[in-house]
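Reading through the structure tokens given below for one structure.
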Amino acid sequence: MNESLTLLFALLAGDLLGILFFGGLWWTVRKGVSAKRPALWFVGSLILRTVIVLAGFYFVSNSHLERLLACLLGFFIARFIVMRLTRTEENTTCLIQKNRHAT
């Protein structure tokens with residue numbers, strides 16, 4: 001397989017892992033705040049998300065540093081994508097008001 005194509009697949013795998021990790025974090029926070037045992041939700045989610053992502057990095061990299069770095073880049077790109085998609089109107093308004101107050 002062409003090395004460029006392999007790195008592209010590693011980048012896309014990192015995107016998927018990042019969406020799973022940060023999307024799972026967003027979902028956990030939304031569900032955990034109203035749960036009867038929020039600590040169990042947060043700790044369980046952290047362990048599950050971390051294990052899945054680390055296993056994904058391990059299998060995608062296959063002992064190649066370039067693949068690992070491409071996967072990590074995709075992971076961080078996914079962080080910004082999830083942050084943009086999960087932004088609520090309330091959070092945006094709050095940020096705008098804080099910026100106006102600071103000036």
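Every number in this text was worked out from the coordinates using simple rules, so none of it is lab data. Everything numeric here is computed off the predicted structure, so don't read it as measured data. Heads up, the Cβs are rebuilt from the backbone with ideal geometry, glycines too, and the neighbour counts pull from every protein chain shown.
Binning at 5 angstrom from zero up to the longest distance, how are the C-alpha pair distances of the stretch 3-102 distributed in percent?
3, 13, 18, 16, 15, 13, 10, 7, 4, 1, 0
If each residue's Cβ is checked for other Cβ atoms within 10 Å, how do PHE76, PHE57 rank with the fewest at the top?
Result, fewest neighbours first: PHE76, PHE57.
Would you please put 32-40, 78-86, 13-21 in order of how densely packed they are, using the mean number of other Cβ atoms within 10 angstrom per residue and starting with the highest?
With the highest mean Cβ count within 10 Å placed first, the list reads 13-21, 78-86, 32-40.
Run the paramagnetic zone check for MET83: 7 angstrom along Cα to Cβ, then residues of the stretch 21-39 with backbone nitrogen under 19 Å.
Residues 21-30 qualify, since their backbone N sits under 19 Å from the label point.
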